[in-house]
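Note sheet for the following structure.
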Amino acid sequence: MTFPDILPALKAQMSRLRGRLIANQPLAELTWFRVGGPAQVLFMPEDEEDLSYFLAHLPPEIPATVIGLGSNLIVRDGGVPGAVIRLGRGFSDIAVDDGLRIRAGAAVPDVKVARAAQEAAIAGLSFLRGIPGGIGGALRMNGGAYGSETKDVLVAARGVDRSGRICSFANAEMQYTYRQCGVPEDVIFTQALFQGTPGDPVAIGAEMGKITESREATQPIRSRTGGSTFKNPPGRKAWQLIDAAGCRGLIAGAAQVSQLHCNFLINQGGASAADIETLGETVRSRVRETSGVDLEWEIKRIGVAQQD
Ligand SMILES: Cc1cc2nc3c(=O)[nH]c(=O)nc-3n(C[C@H](O)[C@H](O)[C@H](O)COP(=O)(O)OP(=O)(O)OC[C@H]3O[C@@H](n4cnc5c(N)ncnc54)[C@H](O)[C@@H]3O)c2cc1C
């Protein structure tokens with residue numbers, strides 16, 4: 001499946017663009033599930049100003065979708081129409097500010113922020129050790145683990161909206177709830193400022209070691225997966241509802257509900273995005289039948305289904 005090539009038309013309107021634009025770029029390799037079709041165009045901006053220029057000059061009828069490290073994402077088999085934006089090197093700076101604060105670009109992997117905090121004797125950011133995404137994804141998803149969430153440590157974030165305007169958001173303006181951010185969907189985050197507390201690098205290292213061990217034991221972290229598929233409903237655990245509905249190990253095509261952690265779906269090799277999404281929807285309907293609970297997808301699904 002390929003989309004009509006809009007690259008020449010876009011380039012003609014963006015003479016001062018510095019980042020890379022690629023037509024019909026496959027996205028599967030940019031996601032943990034390793035499934036899905038291409039981006040009509042993939043844009044990798046040089047820096048925040050370049051991103052702002054691109055968005056300001058992108059015709060309003062062309063949709064723009066940002067992806068991070070693809071650890072919470074299903075790209076559908078027909079690909080993603082419009083522009084897909086992926087932040088890279090120009091958004092990878094990380095620095096300790098004011099002793100207990102860390103400023104990180106949106107493309108920095110969460111684990112690097114956890115390590116930088118440890119080196120700077122800043123406690124409170126170790127939970128990022130276990131989340132395999134990048135800072136942009138953590139800001140959008142209010143990523144969290146082991147009792148801490150992004151909202152607990154965020155001072156402020158910066159981003160660019162669909163019109164190209166650079167904006168900043170104090171913590172309260174992010175309107176965070178569980179795995180959700182209230183900032184309009186069109187905003188692409190470019191940077192975060194985190195605040196920790198004084199800590200001891202040895203103790204922080206031990207905490208991070210425990211997180212790694214616990215992950216290895218309880219989650220299929222070496223598989224092609226997207227992490228927790230569904231949000232925990234208030235007062236309930238999604239995995240328990242899925243288990244009670246008899247879905248542990250359930251298969252659709254080459255996708256399977258993990259035997260180890262049944263809120264994880266796995267591409268066993270050769271699954272399509274449709275296999276994974278169908279499996280997820282089957283789990284949702286079985287849970288609805290057995291417990292009356294309507295599970296809500298935590299994993300984001302983007303793009304269109306394969307056209308026959
Ligand atoms: C093995 C495994 C374990 C996991 N464990 C956890 C866990 O413990 N806790 C947890 O919270 N999550 C967990 N996840 C899910 C995932 O890692 C997080 O949701 C992560 O924050 C997603 O970041 P990402 O960069 O991969 O974003 P992506 O998956 O690429 O995108 C996710 C969403 O964020 C948006 N987004 C990405 N970058 C930006 C940006 N710069 N600006 C605006 N929006 C953006 C995307 O549009 C999309 O809507 C796990 C995933 C896996 C595979």
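Bear in mind these aren't lab numbers, they're just calculated from the coordinates by the rules spelled out. In this text, all values refer to a predicted model and were calculated from it rather than measured experimentally. Don't worry about glycine lacking a Cβ; one is built from the backbone with ideal geometry, like all the others, and counts go over all protein chains shown.
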Ratio Rg/Rh, restricted to the stretch 1-105 and using Cα atoms, in which Rh is the Kirkwood radius:
1.03
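Given the Cα-Cα distance of Ser163 and Ala203 and 0.36 nm per residue of separation, how much length would full extension add, in nm?
Details: separation 40, 0.36 × 40 = 14.40 nm, distance 4.50 nm.
Separation in residues times 0.36 nm, less the Cα-Cα distance, equals 9.9 nm.
Do any GluC sites (Glu not before Pro) in the stretch 1-106 lie in a loop, going by DSSP, with at most 10 other beta-carbon atoms within 10 Å of their beta carbon, and if so which?
Working: sites: Glu29, Glu46, Glu48, Glu49, Glu61; in loops: Glu46, Glu61.
Sparse-neighbourhood loop GluC sites (Glu not before Pro): Glu61.
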Nitroxide proxy distance, nm - points 7 Å out along Cα→Cβ at Met1 and Arg288
2.3
What residues of the stretch 138-161 lie in the reach of a label at Thr218, counting those whose backbone N is under 12 Å from a point 7 Å from the Cα along Cα→Cβ?
145-148
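Would you mind calculating the gained length between Asp243 and Arg301 on full extension (0.36 nm times residue separation, minus the Cα-Cα distance), in nm to one decimal?
On the way: separation 58, 0.36 × 58 = 20.88 nm, distance 2.33 nm.
Once the chain is fully extended between Asp243 and Arg301, it gains 18.6 nm.
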The stretch 183-292 - Rg (one decimal) and Dmax (whole number), Cα, Å
17.7, 50
Considering only DSSP states other than H, G, I, E and B, which trypsin sites (Lys or Arg not before Pro) in the stretch 2-75 qualify as loop sites with at most 11 other Cβ atoms within 10 Å?
Arg16
What is the set of long-range amide H partners of Gly79 at a cut-off below 5 Å, with H atoms built 1.01 Å from backbone N?
Gly37, Val304
When N counts the residues of the stretch 94-243, how does its alpha-carbon radius of gyration compare numerically with 2.2 N^0.38 Å, as a ratio?
1.06
Where labels lie 7 Å past Cα in the beta-carbon direction, separation of Glu185 and Ile94 in nm
3.1
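Could you work out the mean projected area of the convex hull around the alpha carbons of the stretch 88-142, in square nanometres to one decimal?
Working: hull surface 14.1 nm².
Dividing the Cα hull surface by four gives the mean projection, 3.5 nm².
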So what are the radius of gyration and Dmax for the Cα set of the stretch 126-205, in Å?
13.2, 46
Roughly what would the spin-label model give for Leu260 and Arg236, points 7 Å off Cα along C-beta, in nm?
2.6
Could you tell me the relative contact order of the chain? Use alpha-carbon pairs under 8 Å, at least six residues apart, and round to a whole percent.
18
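What percent does the relative contact order of the stretch 31-105 come to when contacts are Cα pairs within less than 8 Å and at least six residues apart?
Details: 112 pairs, mean separation 32.1, N = 75.
Computed value for the stretch 31-105: 43 percent relative contact order.
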What residues qualify as long-range amide H neighbours of Val155, i.e. H under 5 Å apart, gap of 5 or more or another chain, H built at 1.01 Å from N?
Leu193, Phe194, Gln195
Distance from the Cα centre of the stretch 170-206 to that of the stretch 234-308, in angstrom?
28
Using all C-alpha to C-alpha distances in the stretch 29-162, build P(r) with 10 Å bins and read off the rounded percent in each one.
12, 40, 33, 14, 2
Using 0.36 nm per residue, how much length does the chain from Glu173 to Ser15 gain when fully extended, once their Cα-Cα distance is taken away?
53.4 nm
For the chain, with equal point scatterers placed on the C-alpha atoms only and solvent neglected, what are the log10 I(q)/I(0) values from the Debye formula at q = 0.12, 0.16 1/Å, to two decimals?
-0.84, -1.35
Average projection area in nm² (convex hull over Cα atoms of the stretch 212-259, one quarter of hull surface):
4.1
Counting each pair of different Cα atoms once, what's the Kirkwood radius of the stretch 30-69 in Å, rounded to one decimal?
11.9
